[in-house]
Each structure stands twice: as structure tokens, then as C-alpha cells.
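Engineer: What follows is a single structure, and I will ask about it in a moment.
The values are calculated or read from the model by the stated rules, or taken from the named source; none is laboratory data. The structure displayed is predicted, hence computed values, not measured ones. So basically every Cβ, Gly included, is an ideal-geometry build from the backbone, and we count neighbours across all protein chains shown.
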Amino acid sequence: MPADARHVLIVGAGVTGLLTAIRCALAGHRVTVLDRGAVPNPMSSSFDQHRTIRALDPGDRAATHRVAMAHRLWLELEALLGTRLYRRVGVVTAWPAGEVDAVAAIGAEVGLSVELVEPDTLPHMRFPAGWTGVLEHDAGVLLADRVLTLAARWLDAHALVTVRPRREIVAVDADAGQVVLADGERMGADLILIAAGPWSRELVDLPMVLHRQAMVYLRPPEELARWWEDAPSAGRIGTDGRSWLLPPGDGTLLKVSSSALCREVDSVADRASRPDPAGTSWVDQVVASILTDPDRYPVHGVKECHYLVDAETGGASLVRLGPVVWARAASGGDGFRTAPLIAAQIAETVMRSSPNWREYA
């Protein structure tokens with residue numbers, strides 16, 4: 001361990017917390033990970049079978065460049081953990097005919113491998129009438145549960161890392177650089193990252209909005225299993241252009257959802273405007289708007305997840321709250337795909353706080 005190594009305290013064992021812990025441990029820093037539940041925590045917003053990773057954001061070229069870097073970081077993590085984490089099946093997004101050429105041109109301009117695809121080449125998905133797809137080749141699906149499980153295992157075996165599950169944080173003193181545990185214990189560190197997912201808002205005062213999203217898991221018909229195995233992830237699809245899907249593969253199911261199911265809520269326990277899991281009408285409507293021949297896809301399950309977004313930008317954010325305290329408001333799939341970038345940023349911040357940080361540059 002370097003003589004000027006620092007202590008990093010991470011609250012939350014979701015993808016941001018775990019990947020930041022790995023990055024800091026690799027840099028030689030001592031790391032403590034706390035979570036109110038198990039590690040990894042099945043209740044975290046990032047715990048799921050799979051998440052999409054794509055870079056193309058026509059409205060934000062800087063973000064496109066930034067997330068393109070995340071592809072490389074995810075591949076580096078895959079090599080570190082020694083198993084497949086990233087199914088690079090591509091991601092297709094649907095756009096109106098009058099916009100699709102400009103979107104593809106932006107992708108090419110920033111160095112992405114993209115091409116136009118007609119809806120009839122993806123016959124088992126529904127596109128809005130008259131829309132065309134832009135396929136981003138170097139994109140795909142992250143095996144989310146596998147990422148979290150293997151990351152937690154790697155950390156548990158690392159000499160510089162202490163993982164403390166079932167340790168609930170009840171308060172954060174940003175000025176003092178300390179967190180307060182439910183049993184009254186106070187802990188400080190050279191850098192503290194609050195990445196507690198939906199519960200972060202209970203610990204820190206940030207302009208964040210909490211959303212609840214419902215997702216439907218389906219099992220494709222056996223005769224289409226091979227087709228779906230090779231299918232890309234898809235966004236802005238469905239008859240109204242508000243839906244998305246993640247294809248099955250590597251043990252995962254077909255997952256579909258729609259922004260029409262997203263609700264702003266006051267807390268994780270808030271049941272207002274919640275779709276009724278006992279009723280299937282809303283599930284049937286969503287599935288029918290996304291898939292052709294929807295009756296051929298048995299519903300395997302329905303899941304709710306909660307995620308925070310920045311109240312101003314509607315996306316994920318990393319905010320400094322005090323001299324050594326930072327907070328990450330994670331934004332669903334966006335929070336997952338950009339987690340390696342946040343981990344790198346936090347690790348660089350730790351290095352800069354070291355007297356000899358330029359040695360690491």
C-alpha cells in the first residue's frame with residue numbers, strides 16, 4: 001500500500017459503489033463499503049438481470065463521447081473479473097423518418113459504428129409507423145446481476161477492502177466528513193461517497209426526484225429463441241415510441257417496459273398510481289404495443305424498481321456536498337452504464353487529495 005494511500009468510505013453496494021471500490025482498491029487505497037442490506041444488495045436499483053449500454057445521444061455530443069469511453073472500461077472490468085459481463089449485441093433506437101439521417105450522421109461524426117435498419121429486419125418488435133432504426137454496433141447488454149455478484153466477490157477477497165453488509169447509515173455530516181450508523185457509531189474517511197440509490201435522498205439534501213418504473217419479463221417462444229439470442233437491445237420502440245426492450249441471452253429473460261409506466265413518487269414505499277400486479281390488463285397493453293404476436297410470450301414476472309434523477313437535468317449526477325463528501329444520484333439504466341466513469345472520477349479525486357498525487361498521473 002502506498003505511503004500516501006487514502007481511506008475511501010462508500011455507502012451503498014449497488015453498481016456505482018462496488019465499481020468505485022474496485023477502482024480505488026486497484027489504486028492502492030483502503031476501502032470500506034457499507035450497505036443497509038446484503039452485498040450485493042438485491043434491493044438496490046442496479047440489481048437486475050440486465051441493463052443496456054449505448055453511447056449515442058444526438059442531443060449531447062459530449063455525453064456521447066463520454067459514454068463511448070465506458071465501453072472500454074466495461075471491457076477492462078470484464079477482463080479483471082475473468083468472465084463475460086457484456087453482450088455486445090448492439091442497440092437500435094427508433095427515429096422519425098425526418099430525423100433518422102441526422103441522428104446516424106451524429107453517431108458517425110463522434111466515431112461510433114452505426115447503420116440504419118428498417119423495421120422489417122426486426123420483425124418481432126413494433127416500431128412507430130414511419131420510423132426507422134439507428135443501430136449502434138459497439139453497444140449491447142450488461143449482465144447486471146453477474147456484474148454485482150462478481151464485483152462483490154472480488155472486493156471481499158481483496159486485502160485493502162472491508163465490506164460491511166447490513167450496516168444502515170442514518171445521517172451524513174458533510175461538514176465533518178462523517179457518516180452516522182443506526183447504532184450511533186460515527187465513521188470518517190479521506191473521501192466518502194454516498195451511492196445508496198433510492199435511499200440517498202434520505203441521507204443528503206440534494207435536488208433529486210424519485211421515480212418508480214415497472215418492468216415485464218417474458219419468455220420467448222422456443223422456435224424464436226435463437227432469433228432473440230442474437231437480437232439487439234432496442235429503445236424508442238413500440239407503437240408510441242416510448243418503449244424499450246432488452247433481449248434474452250446468457251440466462252436472462254426478455255425484458256420490456258415503457259416510459260408510460262414511470263411515475264414520480266415521494267418514497268420507495270409510495271403506492272400511489274401503482275399498476276396492479278394482480279391485474280394483467282396493463283401488462284397485456286404494454287407487451288402488445290412492443291411485440292408482434294404478443295400472445296406467444298408468457299409473462300414470467302413483473303418487477304418494480306426505483307431510481308433518482310437530478311431535478312434539473314433529469315439524468316444522473318455526481319455532486320460534492322462537503323470537503324470530502326460526494327453523492328451520486330443514480331439514474332436507472334443511465335446510472336448503470338456510466339458507473340465505471342464515476343468510479344474513475346472518484347479514484348482520480350482520491351489521488352488528487354494525496355500529497356504525491358502527480359505520481360499517479
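Engineer: In the stretch 96-117, is there at least one residue being modelled with pLDDT of 95 or more and either hydroxyl-bearing (Ser, Thr, Tyr) or within 29 Å of residue 26 (Cα to Cα) (or both)?
Structural biologist: The answer is no, given that none of the residues of the stretch 96-117 is modelled with pLDDT of 95 or more and either hydroxyl-bearing (Ser, Thr, Tyr) or within 29 Å of residue 26 (Cα to Cα) (or both).
Engineer: So residue 45 passes all but one of these: (1) surrounded by 23 or more Cβ atoms within 10 Å (Cβ to Cβ); (2) among the hydroxyl-bearing types (Ser, Thr, Tyr); (3) modelled with pLDDT of 90 or more. Which condition number does it fail?
Structural biologist: (3)
Engineer: Please specify each residue of the stretch 210-253 satisfying the condition of being among the charged types (D, E, K, R) and free of Cβ contacts under 8 Å to residues at least 60 places away in the same chain.
Structural biologist: Here is the first cut: in the stretch 210-253, the residues among the charged types (D, E, K, R) are 212, 219, 222-223, 226, 229-230, 236, 240, 242, 250.
222, 223, 226, 229, 242, listed by residue number.
Engineer: Still on this model: Could you please find all residues in the stretch 144-170 being at pLDDT 95 or above, in contact with a strand residue (DSSP E or B) (Cβ under 6 Å, 6 or more places away or on another chain) and either under 17 Å from residue 45 (Cβ atoms) or of a type in the set (S, T, N, Q) (or both)?
Structural biologist: 162
Engineer: What are the residues in the stretch 23-59 that are of a type outside the set (Val, Ile, Thr) and part of a strand (DSSP E or B), if any? First the steps, then the outcome.
Structural biologist: Here is the first cut: in the stretch 23-59, the ones of a type outside the set (Val, Ile, Thr) are 23-30, 34-38, 40-51, 54-59.
Within the stretch 23-59, 30, 34, 51 meet the criteria.
Engineer: Out of 5, 13, 21, I need the residue that is more than 20 Å from residue 144 (Cα to Cα) and either of a type outside the set (Asp, Glu) or touching a helix residue (DSSP H, G or I) at 6+ places or on another chain (Cβ under 9 Å) (or both). Which one?
Structural biologist: Working: 13 fails: more than 20 Å from residue 144 (Cα to Cα); 21 fails: more than 20 Å from residue 144 (Cα to Cα).
Exactly one residue qualifies, and that residue is 5.
Engineer: Could you tell me which of the residues 134, 147, 141 is in a strand (DSSP E or B), in contact (Cβ under 8 Å) with a residue 60 or more places away in the chain and within 17 Å of residue 79 (Cα to Cα)? Quick ask: steps written out before the conclusion?
Structural biologist: Working: 134 fails: within 17 Å of residue 79 (Cα to Cα); 147 fails: in a strand (DSSP E or B).
Exactly one residue qualifies, and that residue is 141.
Engineer: I'd like the full set of residues that are assigned to a strand (DSSP E or B) and more than 24 Å from residue 18 (Cβ to Cβ), limited to the stretch 187-232. Working first, answer last.
Structural biologist: Within the stretch 187-232, the subset assigned to a strand (DSSP E or B) is 187-188, 191-194, 208-218.
Once the filter is applied, which keeps residues that are assigned to a strand (DSSP E or B) and more than 24 Å from residue 18 (Cβ to Cβ), the stretch 187-232 yields 209, 214, 216, 218.
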